[in-house]
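Okay, so here's the structure we're looking at.
Throughout, read-outs are computed from the coordinates displayed, never taken from laboratory work. These numbers were taken from a predicted model, which means no experiment stands behind them. Ideal geometry is used to build each Cβ from the backbone, glycine not excepted, and the neighbour counts take in all protein chains shown.
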Amino acid sequence: MDSSNAAGTSNGGSGDGDPAAAARRNTKMPKYSKFTQQELPACKPILTPKWVVSVFFLVGVIFVPVGVVSLLAARDVVEIIDRYDDACVPVNMTDNKLGYIQNETISKECTRTLTVTKDMKQPIFVYYQLDNFYQNHRRYVKSRNDAQLRDYKKANQTTSCEPERTTADGKPIVPCGLIAWSLFNDTYIFNRGNENLTVDKKDISWKSDREHKFAKNVYPSNFQNGGLIGGAKLDSSIPLSDQEDLIVWMRTAALPTFRKLYGRIYVDLKENDTITVKLDNNYNTYSFGGKKKLVLSTATWLGGKNDFLGFAYLIVGGLCIFLAFAFTLLYVIKPRKLGDHNYLSWNRHPAGR
Amino acid sequence: MALCNTVIPIKSPSGQISYKAQSQDEDALVNAASNLHMVLVSKNGNNAEIHFNRRVVQYEILDVLEFTSDRKRMSVLISDSESGKIFLLSKGADEAILPLAYSGQQIKTFIDAVDKYAQLGLRTLCLAWRELGLQEYLEWSRLFKEANSALIDREWKVAEVCQKLEHTLDILGISAIEDRLQAGVPETIEILRQSGINFWMLTGDKQSTAIQIALLCNLISSEPKGQLLYINGKTEDEVARSLERVLLTMRITSSEPKELAFVVDGWALEIILTRYKEAFTELAVLSKTAICCRVTPSQKAQLVKLLKSCDYRTLAIGDGGNDVRMIQQAHIGVGISGREGLQAARAADYSIGKFRFLKRLILVHGRYSYNRTAFLSQYSFYKSLLICFIQILFSFVSGIAGTSLFNSVSLMAYNVFYTSIPVLTTVLDKDLSERTVTQNPEILLYCQAGRLLNPSTFAGWFGRSLYHAIVVFLITIHVYANEKSEMEELSMVALSGSIWLQAFVVTLEMNSFTFVQFLGIWGNFAAFYIINFGISSIPSAGMYTIMFRLCRQPSYWITMLLISGVGMGPVLALKYFRYTYSPSAINILQKAERSRGPMYTLVNLESQLRLDNNATDSISSMPVKKSSVYEPLLSDSPMASRRSVASSSFDIFQPAQSRVPASYPRNIKAS
């Protein structure tokens, strides 16, 4: 029978004493590697005052000269801007500008005089600037068909070109879409005194566009045939890759105020030169309150006249140096020992968790 | 002792017999019996063979009345193959067996023995037997078979049938088994309690055993530091009154430096959970430590549920099959895979090998995981919001027409290629080294309150993304104005600006840099350019040559630099300011760790504490009422004495080190 009154005996061994189990467990353990055990050597930087102050100071010291250089570059640019859309409306039609622009019988010729304020070295860029023209509107941006522009065999592909897809009798328009349809058509002729300043209209578009986006064997067809004229008409005998104005226009701008390259003048202009511009005020910006401006500008390594970068850098650089000094001052006045345990909340109120 | 069990002996080829048992108690008993020369040699089918001092005795096992937590005992019906007599052998908890003794037997000696053993912290079992007549057995056997094959209410029917048989037993004696604590248990509990986690012990042992073991592992402290409040009673009213009294004591003495804990028995708990739940819930919230004895598995799960309903984050840890329900009920279930098999480990969310690993699980891995998850989730929102805000701002200058500034390829690649890898390297980010964390376990409290991921931190990231979007957008449209204003170029400039900013943001937010992180952040940055160069070489792409054109312009690089400077400047300044003048606990420890080394801190802390010991209103200023702060830990395993919090909570390491040789290792075992 069973024995009774067994006194307490200790159960054998400790939990991990089992040699068989230990061997089994050892083989199941994953191989030790510093990566999987997260023991890779690491550097652990902390924000000491020294480090932070020096970073701010360094940033300030770098930014200020860059700002100065940028500002100087921007100041070097000479720019002549002339708004002509209001001025070129004949006096008797100032209250019916829309009627004026849409009436084909009224002559759109207009003469403007520009004075050169400073010496301008060639090449001088001629831009036309449009204000309040939303080339970045969603329906405008997608109203084009790139396949059609690239390949003459795909002339029928006019998807997404609404509303300028086909003519009334269903023939496809090449190039289709609103962007091409609204091509800018003001022209400018420059004269300095008696001398005619030739505007070089070659190479005003991107080379990559000319070579890959607009094909040499695609010709405009059925273009601007409809009732509503949006802009310029295109010569059907010139292939698209040579229609540089079109190519420049079809590089849609991202902002409502933009400039597009019209051409270059390879003549130096002297201070106080008077330039006479004979322009054709064809383009309709009156129906949506847009503005048209003619711009003559030189360019530096930074681009056109843009003070923003210079000022921004100067301001930020100055702020950084100021912050560096402020932090130094703060550190000198109210020093805080790094890693002072007295500030641990459970030390401030010990056991008061 | 050798027969009343469900142990299967396994004969190894060398002739050694090893036992396969469901519980370690049974294993211990059978081994003890074999040490006393009553060896259970084999059990095939219904026959058990016992070798007693070279005499071989065969027994036939007729029925096994299995252990249930309701009856708290198990019985075996055997028949001696020589004499043909039928015996009923019972084994179980003393309060389940002793009342069934036949009238007239002196059970006082047994009760005394049980108490004595329980005081020593041993697990007691009572053994009894009875002889049956053949007729009685046959009748009963029929009933038993019926009950076993019943389709409805089988458990109840079986229990009823067993009751019929188990009465007028002849008590044989008491056995006591020493259940040793695992190594490192007291220290683990100490550290975890320091870090703000409440511990409750739920066990199936007797009250005295449980209290003894709790004292041993730092769970409660003996008088005068700690006080134990008992909830007892034989009738419902008694229990209710006892509960009220304890509750009252808890309420009024919560401001004293004494540590209070309450003890409640299984059947009292049953009454309380059914009738007096609200009072008990209040008690649960007030007390930081509790011991519940003689609890059944379902009661364990009920207790966890109760605490969950008080908005506590619960973790249940256990190692036996009876802990499975509790483990599954808790928010986090931890199973210790051990000698009782893998049931608990399989049912758990996390499975560890020893109890002391819990410390690393919670303090080290849990903390890191929380930090990294907080960063990852907020950063993901940040980077998506950045792009969204830029698009929204762009719509203001595009006539609110819905034009997307970024082309579709860039948008798709953004989330996957340009910004995902740097964040993934945050997996290796360690804000504090493990040594610092184990020396300052209170740091866990800092995470518990959700300080790294809450509406205000999220608002911070949101604000940052808004600010960065404004910076990128305004700078881009002012630099790339007039003749430079071309859709594709502008969009690429804005995207590059965002990517630059993000590389810096991730760099600033990382706490530790391994070479993997460097590679991730700056390699990804380079990959951005490489991918875009690739796309810019496809003639049919809208982006053809854009990246090349941009990289040739000096104004592009100057713009990038400006965006980074304006975007990161205020962020860095703010971070530095907060780091130095209103540092969070983590920051302080970080600085201490890197500038001085953690060892010096102990001296500082102790002196600090002795100075401030006058602040005895310490406990009341504890943020006790923030129920989201505390994490009560429900453990099935016994723990030991605790320290009061008011006194030196930081000198644990010195005395603890000296205590290790004194406290002998004990195995954790579920009851």
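Miscellaneous remarks
- Three-way shape call for the stretch B:444-507 based on the alpha-carbon gyration tensor, with the a/c threshold at 1.5: prolate
- Using only Cα coordinates, the Kirkwood hydrodynamic radius of the stretch A:78-298 works out to 18.5 Å.
- Exposure proxy order (Cβ contacts within 10 Å, fewest to most) of A:TYR84, B:TYR312: A:TYR84, B:TYR312
- Projected over every direction and averaged, the convex hull enclosing the alpha-carbon atoms of the stretch B:361-589 yields 13.7 nm².
- A simple spin-label model places pseudo-atoms 7 Å from Cα toward Cβ; at A:ARG83 and B:ASP70 they are separated by 9.4 nm.
- Distance between the modelled labels on A:LYS118 and B:SER309, one decimal in nanometres: 8.2 nm (7 Å Cα→Cβ projection).
- The relative contact order of the stretch B:361-589 comes to 28 percent, based on Cα pairs under 8 Å that sit 6 or more residues apart.
- Scalar couplings 3J(HN,Hα) for the stretch B:489-495, obtained by applying the Karplus form with A = 6.51, B = -1.76, C = 1.60 to θ = phi - 60°, are 5, 4, 5, 5, 5, 4, 5 Hz; x denotes Gly and Pro.
- Computed from Cα atoms, the angle from the helix A:49-76 axis to the main principal axis of chain A rounds to 10 degrees.
- Centre-to-centre separation between the Cα atoms of the stretch B:455-486 and those of the stretch B:346-423: 19 Å.
- Chain A, relative contact order [Cα under 8 Å, separation at least 6], %: 32 percent
- Share of Cα-Cα pairs in the stretch B:121-242 lying beyond 19 Å, as whole percent: 70 percent
- Taking A:TRP51, B:TRP267, B:TRP200 and counting other C-beta atoms within 10 Å, the order from fewest to most: A:TRP51, B:TRP267, B:TRP200
- Shape category assigned to the stretch B:185-356 from the gyration tensor of Cα positions, a/c cut at 1.5: prolate
- Taking other C-beta atoms within 10 Å as the exposure proxy, B:ASP265, B:ASP80 rank B:ASP80, B:ASP265 from fewest upward.
- For the stretch A:259-315, the dipole from Cβ point charges (+1 on Lys and Arg, -1 on Asp and Glu) about the Cα centre works out to 260 debye, to the nearest 20.
- Comparing A:ASN284, A:LEU246, A:VAL267 along the charge dipole axis of the stretch A:210-315, the residue lying farthest to the positive side is A:ASN284, per the Cβ-charge model.
- Taking a ≥ b ≥ c as the square roots of the eigenvalues of the alpha carbon gyration tensor, the stretch B:261-379 is oblate, as a/c is not under 1.5 and a/b does not beat b/c.
- Relative contact order for the stretch B:185-356, counting Cα pairs under 8 Å that sit 6 or more residues apart, in percent: 19 percent
- The trypsin sites (Lys or Arg not before Pro) of the stretch A:235-274 that meet both conditions, a loop assignment by DSSP and at most 15 other Cβ atoms within 10 Å of the site Cβ, are A:LYS270.
- Euclidean distance of C-alpha centroids, the stretch B:265-336 and the stretch B:76-140, integer Å: 32 Å
- Equivalent-ellipsoid semi-axes of the stretch B:8-178, from the Cα gyration tensor, Å, largest first: 25, 23, 16
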